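Here is the structure we will look at, set down as structure tokens.
The values are calculated or read from the model by the stated rules, or taken from the named source; none is laboratory data. The structure presented is a predicted model; accordingly, all values stated were derived computationally and were not measured. FYI the Cβ positions are ideal-geometry reconstructions off the backbone, even for glycines, and counts take in every protein chain you see. Calculation scope for accessible area: heavy atoms of the full protein, side chains included, ligands and nucleic acids excluded. Shrake-Rupley method; radii C 1.70, N 1.55, O 1.52, S 1.80 Å.
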Amino acid sequence: MKTIVKSVKGTRDFYPDEMAKRQWIYGHLKTVSESFGYQQYDGPCLETLELYAAKSGEELVKEQSFVFNDRGGDLITLRPELTPSLARMIAEKQNELVFPARWWSYGPFWRYERPQRGRTREFFQWNIDLIGSDSVESDAELAAVACSFMRSVGLSPEQVKLRYNDRQLMDQAFSELGIDSESKSALLRLVDRIDKLPADVWEEKVLGLGLDQRQLTALKSLLADVNLWQRSERLVKFVSLMRSMGQVEYLEYDPRTIRGLDYYTGIVFEAYDVNQEFRAILGGGHYGNLVGDVGGDPLPGVGFAMGDVVVQLVLEHFGLIPDMKTETETIFVTVFDDQTNPESLRIASDLRLAGFKVVTALGTEKLGKQLKFADRIRASKALVIGPDELAKEEVMVKDLQTHSQSSVPRAQLVSFLRNE
RNA sequence: GUGCCUAUAGCUCAAUGGCAGAGUACUUCACUGUGGAUGAAGAUGUUGAGGGUUCGACCCCCUCUAGGCACCCCA
């Protein structure tokens with residue numbers, strides 16, 4: 001085996017077939033974003049470490065970011081998430097932007113993690129935010145955007161669910177259990193992990209926070225209560241709004257949905273496949289103050305992020321990504337010999353001007369080889385222009401799918417191909 | 001960063017410590033004006049990398065690299 005220079009661990013090469021899938025997903029999220037009136041934006045891929053130190057803090061920056069010194073000695077970070085960049089961009093123009101602002105973005109991100117299924121070190125992420133509104137209507141709108149995307153790519157409510165919860169509801173419920181405020185945030189993080197830890201280990205950790213046996217029992221019944229949301233006026237309205245927008249069948253209340261990030265302050269949601277065979281497809285929620293940490297005036301909002309890796313796995317699992325290979329509309333123009341080559345090239349140019357995708361043979365190989373090549377690049381049609389056709393001012397049009405062929409007068413070629 | 005599993009032809013996988021193979025894909029030909037079929041022939045490997053044990057290693061041991069699964073974290 002030849003030694004080929006290796007790619008960076010956790011990165012992916014997008015060969016044309018993979019690139020087509022990525023573009024297919026991108027096309028859907030772009031259409032959905034725009035259908036709700038959101039505008040596309042982007043920030044730089046390189047940011048100062050400082051930007052993240054202010055906000056994301058904790059592990060995301062310390063352990064899971066690519067950080068390096070540039071030639072001037074400054075610490076530069078490959079962006080692990082977009083929210084801090086968004087916060088800066090909003091804060092810089094806080095007085096001239098129109099709020100609520102509806103913005104979306106799609107681009108590459110990097111996290112220094114151990115690669116595994118659904119997790120790479122370089123990934124693409126869709127970010128979409130509604131900034132400047134504290135209303136439950138804005139929360140519902142973002143949840144509806146998420147559901148619209150899932151519907152548009154063919155994921156049905158029987159296949160995926162949007163699990164939702166409200167952090168304030170949980171906070172209130174914890175208070176009623178007599179849990180002191182210092183333990184609450186640690187407890188929220190534990191609730192987030194209840195499905196990942198063995199039951200006894202989880203209980204041990206909960207008791208370690210200072211809860212007694214009675215509180216633990218009450219907590220467990222709380223986390224099993226699928227009707228808990230009805231105690232929250234906000235969640236009741238949220239569900240009602242989702243019903244009006246025709247997305248309620250995607251909803252599934254889950255008192256254990258919390259989200260790991262600290263900046264969420266209200267409604268949070270995550271999309272999963274129903275069997276939970278895969279990781280979260282997307283996740284987001286309401287935040288009370290987007291720009292405070294980067295020096296702006298307090299500004300609430302709601303947003304979510306979706307990585308390309310998990311959603312593609314889920315889509316492939318359900319067989320929802322169309323076979324792009326069959327969808328090339330390319331016309332292949334064969335070249336019979338050096339005498340006919342100029343006419344082949346002229347025809348190819350005419351067809352391109354008429355809007356067709358045209359590939360020409362680069363030499364005068366045997367027709368059989370040229371047609372085999374046309375077949376292998378999945379061209380839909382092949383044109384044969386030999387001495388016979390030239391003399392009669394005709395072109396032989398071969399349909400590579402139906403195996404049929406017909407002679408078409410040169411002057412009628414464009415209209416003939418358009419009607420096919 | 002932790003634990004476990006895996007790595008053989010382009011791809012999918014075989015091979016008791018004793019000659020590295022099959023299917024598929026590929027190239028050529030049958031077919032010098034016609035592609036998916038059929039038949040014939042051909043080519044393909046530092047068995048992931050490096051070291052060790054052994055008369056002898058794809059096979060056993062160690063290290064590294066990459067991937068997978070579970071933690072951690074999250075998209």
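Things worth noting here:
- For the range A:182-212, taking the residues that are more than 25 Å from A:Tyr263 (Cα to Cα) and within 12 Å of RNA strand B (Cβ to nearest atom), the one that is surrounded by the most Cβ atoms within 10 Å (Cβ to Cβ) is identified as A:Val201.
- Pairing residues of the range A:350-368 that are under 15 Å from A:Lys398 (Cα atoms) with residues that are surrounded by fewer than 15 Cβ atoms within 10 Å (Cβ to Cβ), at Cβ distances under 6 Å and at least 6 apart in sequence or on separate chains, gives A:Val358/A:Arg352.
- Residue, nearest to A:Ile76 (Cα to Cα), within the range A:13-50, restricted to residues that are in contact (Cβ under 8 Å) with a residue 40 or more places away in the chain and in contact with a Ser or Thr (Cβ under 6 Å, 6 or more places away or on another chain): A:Gly43
- Single residue of the range A:50-65 satisfying the filter (surrounded by 15 or more Cβ atoms within 10 Å (Cβ to Cβ) and modelled with pLDDT of 65 or more) that is nearest to A:Met89 (Cα to Cα): A:Leu51
- Selection within the range A:254-302 - touching a helix residue (DSSP H, G or I) at 6+ places or on another chain (Cβ under 7 Å), surrounded by fewer than 17 Cβ atoms within 10 Å (Cβ to Cβ) and within 24 Å of A:Leu222 (Cβ to Cβ): A:Arg256, A:Gly260
- Filter pass, A:Phe416 being out of contact with any Ser or Thr (no Cβ under 7 Å at 6 or more places or on another chain), part of a helix (DSSP H, G or I) and near RNA strand B (Cβ under 10 Å from one of its atoms): no
- Taking the range A:1-43 as the range and being over 25 Å from A:Leu155 (Cβ atoms), away from RNA strand B (no atom under 13 Å from the Cβ) and surrounded by 12 or more Cβ atoms within 10 Å (Cβ to Cβ) as the test, the residues that pass are A:Tyr41, A:Asp42, A:Gly43.
- Per the conditions (1) part of a loop (DSSP other than H, G, I, E, B); (2) away from RNA strand B (no atom under 14 Å from the Cβ); (3) modelled with pLDDT under 90, the sole criterion not satisfied by A:Gly246 is (3).
- Residue match in the range A:390-409 (condition: over 20 Å from A:Asp337 (Cβ atoms), more than 10 Å from RNA strand B (Cβ to nearest atom) and open to solvent by less than 40 Å² (accessible area, probe 1.4 Å)): yes
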